[in-house]
Amino acid sequence: MIDERKTDGDTRNRDVITFEQIRERAYELWERNHRPEGLEIEFWLIAERELRAERERRKERSGGGTGA
C-alpha cells in the first residue's frame with residue numbers, strides 16, 4: 001500500500017484513506033454479501049479501491065486536486 005501520511009499540513013489530511021476507513025468499508029461489504037468465509041482480502045481490496053475512487057471523484061469536482 002502506498003504511504004499516504006500527512007506530509008504538508010492539513011492540505012492532504014482529507015486525502016488520506018485510513019486503516020479504519022478501509023476496515024469499516026470492508027466490513028460493510030462483507031455484511032452486505034451475507035458474511036462469506038475466506039474472502040477477507042478480497043473485501044479489503046474492494047473497499048480500498050472504492051474509497052480511492054471516491055477520493056478521486058472528490059478531487060475532480062473540487063478542481064482537479066492540484067494545489068495552487
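For the stretch 17-58, the square roots a ≥ b ≥ c of the C-alpha gyration tensor eigenvalues yield an a/c of 1.5 or more together with a/b exceeding b/c, which makes the shape prolate.
The modelled label-to-label distance for the pair Arg58/Arg23, using points 7 Å beyond Cα in the direction of Cβ, is 2.0 nm.
Every read-out reported here was derived from the displayed coordinates using simple, explicitly stated rules and does not represent laboratory data. It should be emphasised that the depicted structure is a prediction, and the values quoted were computed from it without experimental measurement. A quick note on method: Cβ atoms are made from the backbone with ideal geometry, for glycine too, and the neighbour counts reach across all protein chains shown.
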